[in-house]
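K.L.:
Questions regarding the structure given below will be posed in turn.
The values are calculated or read from the model by the stated rules, or taken from the named source; none is laboratory data. Since the model is a prediction, treat every value here as computed from it, not as a measurement. Glycine gets a Cβ as well: all are built from the backbone with ideal geometry, and neighbour counts include every protein chain shown.
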């Protein structure tokens, strides 16, 4: 094959171009610190790096979820700790107030402190994390309780939905408690205790019924509470299935009283605990067999009646201890999960670095070698280039 000068020159230029391309790649690796710049440079490595990046992003999100969960649980635990102190103090006061030797003035002072403890428990139930009420279920923008001022002192406004956080691929953790389960009974117990120490409510106990069906379609009666307006209660057309249905119906129909059943007797109790409390029942259709009148008193309840709250307060203290133990267990688990996530993050970053980061010492060595090759190519090309006619023009 005939080799011409132009062929030699063209081959030299092709090799110079390749050498310059290699130099450019090595310079890009040196300046960026990465083995590849475009997916076409190393498709498999690019795919692996994208996978590592995706796993790191998920790991980062899990750690953010973990931070949120820990903050929520720590705030909950702190609130339960405060609530425990409130209930324990209320228990101490109840024990003291249940002694019949305690004077009315002392019980009045105790009632004042019980009132403050009740209001403090309401405040604790409204604990916030940022702009979220932590005890309102998923209705985090709504205060858990509104104060009614009745015997059921508070009304729950949240819901019982669970708030969850995903902490890794396989773990979802419930992080919230709702105030209805945690605080409502305790607040009402303290309110009832305050009322008992402040005075006695008017209370009417009816004669005994055979069962709740005696009230089915039984007619009407009038009731006046605390000297207010007369309220007419119509039982015509009603068909009850239990005493609970009876008491719920009557409480909904009558303002200012609570109604309960005991041994097939109905007990109407005014929500006002003082000497101004009064109940008057006019038995229009003979439902009860007689009319009733009762008045309250400014004297507190007896020590035995006051001490009935102790069992409820003891149950509340035990409940809070169990809830705090549950929260503590979840916080311990989040610590373990955090350690695993942090270890996983280190491992993924190492794999990602090994896959895409350039070894600078190796790159610099290769760059020097390519520079030498490039210089040798230029020197070789200088020898290949022949003299042209221009060289002879003087």
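K.L.:
Considering 60, 100, which residue is more than 30 Å from residue 181 (Cα to Cα) and not in a helix (DSSP H, G or I)?
P.N.:
Sole residue among the options that is more than 30 Å from residue 181 (Cα to Cα) and not in a helix (DSSP H, G or I): 100.
K.L.:
Got at least one residue in region 238-245 being surrounded by 13 or more Cβ atoms within 10 Å (Cβ to Cβ) and under 39 Å from the mean Cα position of the chain (by Cα)?
P.N.:
Yes, that holds for at least one residue.
K.L.:
Can you tell me which residues in region 308-359 are within 19 Å of residue 179 (Cβ to Cβ) and over 20 Å from the mean Cα position of the chain (by Cα)?
P.N.:
312, 313, 315, 316, 317, 318, listed by residue number.
K.L.:
Among the listed residues 351, 337, 331, 367, which satisfies the condition of being more than 21 Å from residue 203 (Cβ to Cβ), outside the structural domain of residue 227 (by TED's automatic domain parsing) and touching a strand residue (DSSP E or B) at 6+ places or on another chain (Cβ under 9 Å)?
P.N.:
Of 351, 337, 331, 367, the one residue that is more than 21 Å from residue 203 (Cβ to Cβ), outside the structural domain of residue 227 (by TED's automatic domain parsing) and touching a strand residue (DSSP E or B) at 6+ places or on another chain (Cβ under 9 Å) is 337.
K.L.:
Within region 322-338, can one find any residue that is at pLDDT 75 or above, more than 30 Å from residue 46 (Cβ to Cβ) and outside any helix (DSSP H, G or I)?
P.N.:
no
K.L.:
Regarding residue 190, is this residue assigned to a helix (DSSP H, G or I), over 30 Å from residue 159 (Cα atoms) and in contact with a helix residue (DSSP H, G or I) (Cβ under 8 Å, 6 or more places away or on another chain)?
P.N.:
For residue 190, the condition - assigned to a helix (DSSP H, G or I), over 30 Å from residue 159 (Cα atoms) and in contact with a helix residue (DSSP H, G or I) (Cβ under 8 Å, 6 or more places away or on another chain) - is not met.
K.L.:
If we scan region 262-282, do we find a residue that is modelled with pLDDT under 90 and part of a helix (DSSP H, G or I)?
P.N.:
Scanning region 262-282, I find no residue that is modelled with pLDDT under 90 and part of a helix (DSSP H, G or I), so the answer is no.
K.L.:
If you take the residues in region 153-174 that are crowded, with 16+ Cβ neighbours inside 10 Å and part of a loop (DSSP other than H, G, I, E, B), which one is modelled with the lowest pLDDT?
P.N.:
Once the filter is applied, the top-ranked residue is 153.
K.L.:
While we're looking at this one, here's another question. Given the structure, is residue 226 closer than 30 Å to residue 102 by Cα, at pLDDT below 90 and surrounded by fewer than 17 Cβ atoms within 10 Å (Cβ to Cβ)?
P.N.:
Considered against the rule, which asks whether it is closer than 30 Å to residue 102 by Cα, at pLDDT below 90 and surrounded by fewer than 17 Cβ atoms within 10 Å (Cβ to Cβ), residue 226 comes out as no.
K.L.:
Could I ask something else about it? Please determine whether any residue of region 85-97 is at pLDDT 95 or above, in the same structural domain as residue 143 (by TED's automatic domain parsing), out of contact with any helix residue (DSSP H, G or I) (no Cβ under 7 Å at 6 or more places or on another chain) and surrounded by 13 or more Cβ atoms within 10 Å (Cβ to Cβ).
P.N.:
Scanning region 85-97, I find at least one residue that is at pLDDT 95 or above, in the same structural domain as residue 143 (by TED's automatic domain parsing), out of contact with any helix residue (DSSP H, G or I) (no Cβ under 7 Å at 6 or more places or on another chain) and surrounded by 13 or more Cβ atoms within 10 Å (Cβ to Cβ), so the answer is yes.
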